[in-house]
Amino acid sequence: NKMTAWETVYEDACDIVARIPVIAAFIYNLKYREDRQIAIDPDLDMGANFAHMIGQGKAYQDVARMYFILHSDH
């Protein structure tokens, strides 16, 4: 049924978008940090978690949050 076919595609798209920061951090660490991967911190939000995973400090967490908020509009 084409009226409900979009539901599974929407769910898959949301799952992919949710994994983009993890994939980006993995690639960054592989290229610039000699493959030293940092685990996800479940207590942090998406922007802060991305900053944490690429080894940046607290100041960069706010920058990452603003970046993700500004680009989520597009």
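Within the range 58-74, take every residue that is exposed (fewer than 10 other Cβ atoms within 10 Å of the Cβ) and of a type in the set (D, E, K, R) and give me the one that is nearest to PHE26 (Cα to Cα).
LYS58
Among the residues of the range 41-57, what is the count of those that are at pLDDT 90 or above, open to solvent by 40 Å² or more (accessible area, probe 1.4 Å) and in a helix (DSSP H, G or I)?
The number of residues fulfilling the criteria is 1.
The values are calculated or read from the model by the stated rules, or taken from the named source; none is laboratory data. Predicted, not measured: the structure shown is a model, and the values here were computed from it. Counting neighbours? That spans all protein chains shown, and the Cβs are built from the backbone with ideal geometry, glycine included. Ligands, DNA and RNA are stripped out before the accessible areas are found, and what is left, the full protein with its side chains, is counted by its heavy atoms. Shrake-Rupley method; radii C 1.70, N 1.55, O 1.52, S 1.80 Å.
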